[in-house]
1. Among the residues of region 201-258, which ones are hydroxyl-bearing (Ser, Thr, Tyr) and open to solvent by 60 Å² or more (accessible area, probe 1.4 Å)?
2. Scan region 149-188 for residues that are over 17 Å from the mean Cα position of the chain (by Cα) and of a type in the set (A, V, I, L, M) and report the count.
3. So for region 278-297 (the condition being among the β-branched types (Val, Ile, Thr) and closer than 28 Å to Pro219 by Cβ), does at least one residue qualify?
4. Checking Thr166 against (1) modelled with pLDDT of 95 or more; (2) farther than 16 Å from Leu198 by Cα, which test does it fail?
5. Kindly evaluate Leu191 against the criterion of being closer than 27 Å to His145 by Cβ and in contact with a strand residue (DSSP E or B) (Cβ under 6 Å, 6 or more places away or on another chain).
6. Just checking, how many residues over region 259-269 are buried (at least 18 other Cβ atoms within 10 Å of the Cβ) and either in contact with a helix residue (DSSP H, G or I) (Cβ under 9 Å, 6 or more places away or on another chain) or not in a helix (DSSP H, G or I) (or both)?
7. Quick one: count up the residues across region 189-200 that are open to solvent by less than 10 Å² (accessible area, probe 1.4 Å) and in contact with a Gly (Cβ under 6 Å, 6 or more places away or on another chain).
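The values are calculated or read from the model by the stated rules, or taken from the named source; none is laboratory data. Bear in mind the structure is a predicted one, so any value in this text is a computation, not a measurement. With ideal geometry, Cβ positions are generated from the backbone for all residues, glycine too; neighbour counts draw on all protein chains shown. The accessibility values were calculated without ligands, DNA or RNA, using every heavy atom of the protein model including side chains. Shrake-Rupley method; radii C 1.70, N 1.55, O 1.52, S 1.80 Å.
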Amino acid sequence: MFLKLSLFRRRRKAAKGIWQNNNKNRYLFETAMHPAVVHTIKKTGRSPLNVGFFMPTTSLIFYSEMLLKKILPYLVLIFFNAISLSSSADPIAQRWAKVTKPTQSNIAQSIGTYTAGCIDGAVTVPANGVGYQAMRPSRNRAYGHPDLKSFIIKLGQTSANQHWGTLLIGDLGQARGGPTISGHRSHQTGLDVDIWYLLSNHANTHPLSIDERENWSPPSVLLKNTNFLDPRHWSDINEKILAAAASMPEVDRIFVNASVKKELCWHYYNEDWLRKIRPWWHHDDHFHVRLKCPVANLNCQSQEPLPKGNGCDSELNWWFSYEAKHPTPNTLITKPATLPKLCEEILKQ
């Protein structure tokens, strides 16, 4: 106990000099929780937990340790997610991000795998189309294979014809594909696109401004801290859009949150397209469409075939298990894959 008190006093002393509110020193009980929290306050001047009040020293230590046990898994998850994202910001990814124009090939070719590849002859998807609008133009990730452009146009047209609303299109890929400096491990061969679940009434009647496209954020379709869908952000129209997308023959699979998959299992259990809907971590504010390798793209490597069945069995149940909710660092971190030699030639053109 003496060692704990001594350690706490040192951390309290560090916090005392950096945290003031209305000219009154206030101790945040979480500052004694972990040195990383004190470091955050020093660096940003803000509490990462936004909780602060006076507590006796012994109670402070007890509750600090109790809180640490509760949030440590989440801190680990955030930490390793940050590492995973930053790992892509390597010199190779930087090189691909600096290339802002596609190659001039007349025949588009997707090369390599979805997580280690590139594209020759990419086309850009217009910012506005029938039934859709593109978001985040500053990222310059509106490029893809002509098959992907055709898919977006068809899905947008279907949404408009059925009066479902305006689709908000997120990232496709970079001008020549390849690894990105942030946000994705895939999206490298021009065959992936993110589409928001959000269906905005404003977007149905107005072209969005640049500011709106850059600063809007898609809301989660999950009720906070639950596995249940939020009726404010989810409806049968979202289900119909996913059904229409998955029914298109060029679509290989669509990644969604496990709770979305579960909801679709309730309503569309016997539909053939349901097996294309694949649960994956996050994906609670957008769905991720992946197309099959295009015909005659001989250097495009397909993903492993989909498992048999509709995916509404024990495979889906696993996503709600403790193991799935608390992935290990080894699950979250993957080594950057080696790009095909052809991609180096594409980059140099």
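1. Going through region 201-258, the residues hydroxyl-bearing (Ser, Thr, Tyr) turn out to be 205, 209, 217, 220, 226, 235, 247.
Once the filter is applied, which keeps residues that are hydroxyl-bearing (Ser, Thr, Tyr) and open to solvent by 60 Å² or more (accessible area, probe 1.4 Å), region 201-258 yields Thr205, Ser217, Ser247.
2. Taking region 149-188 as the starting set, the residues that turn out to be over 17 Å from the mean Cα position of the chain (by Cα) are 149-167, 175-178.
Next, from what is left, pick out any that are of a type in the set (A, V, I, L, M): 152-153, 155, 160, 167, 175.
Total meeting the criteria: 6.
3. Within region 278-297, the first condition is being among the β-branched types (Val, Ile, Thr), and the residues that meet it are 289, 295.
Cutting the leftovers down to closer than 28 Å to Pro219 by Cβ gives us 289.
Yes - at least one qualifying residue is present in region 278-297.
4. (2)
5. On the way: closer than 27 Å to His145 by Cβ: yes; in contact with a strand residue (DSSP E or B) (Cβ under 6 Å, 6 or more places away or on another chain): yes.
Yes: the conditions hold for Leu191.
6. The initial filter retains those residues of region 259-269 that are buried (at least 18 other Cβ atoms within 10 Å of the Cβ), namely 259-264, 268.
Subsequent filtering for residues that are either in contact with a helix residue (DSSP H, G or I) (Cβ under 9 Å, 6 or more places away or on another chain) or not in a helix (DSSP H, G or I) (or both) retains 260-264, 268.
Number satisfying all stated conditions: 6.
7. First, the residues of region 189-200 that are open to solvent by less than 10 Å² (accessible area, probe 1.4 Å): 189-193, 195, 197.
Now narrow it down to the ones that are in contact with a Gly (Cβ under 6 Å, 6 or more places away or on another chain): 189-190.
Of the residues in that region, 2 qualify.
Here is a yes/no grid of residues against (1) under 20 Å from Gly170 (Cα atoms); (2) basic (Lys, Arg); (3) at pLDDT below 95; (4) in contact with a Pro (Cβ under 9 Å, 6 or more places away or on another chain):
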site: Gln94; (1), (2), (3), (4): no, no, yes, no
site: Cys118; (1), (2), (3), (4): yes, no, no, yes
site: Thr124; (1), (2), (3), (4): yes, no, no, yes
site: Ala127; (1), (2), (3), (4): yes, no, no, yes
site: Gly131; (1), (2), (3), (4): yes, no, no, no
site: Ala134; (1), (2), (3), (4): yes, no, no, yes
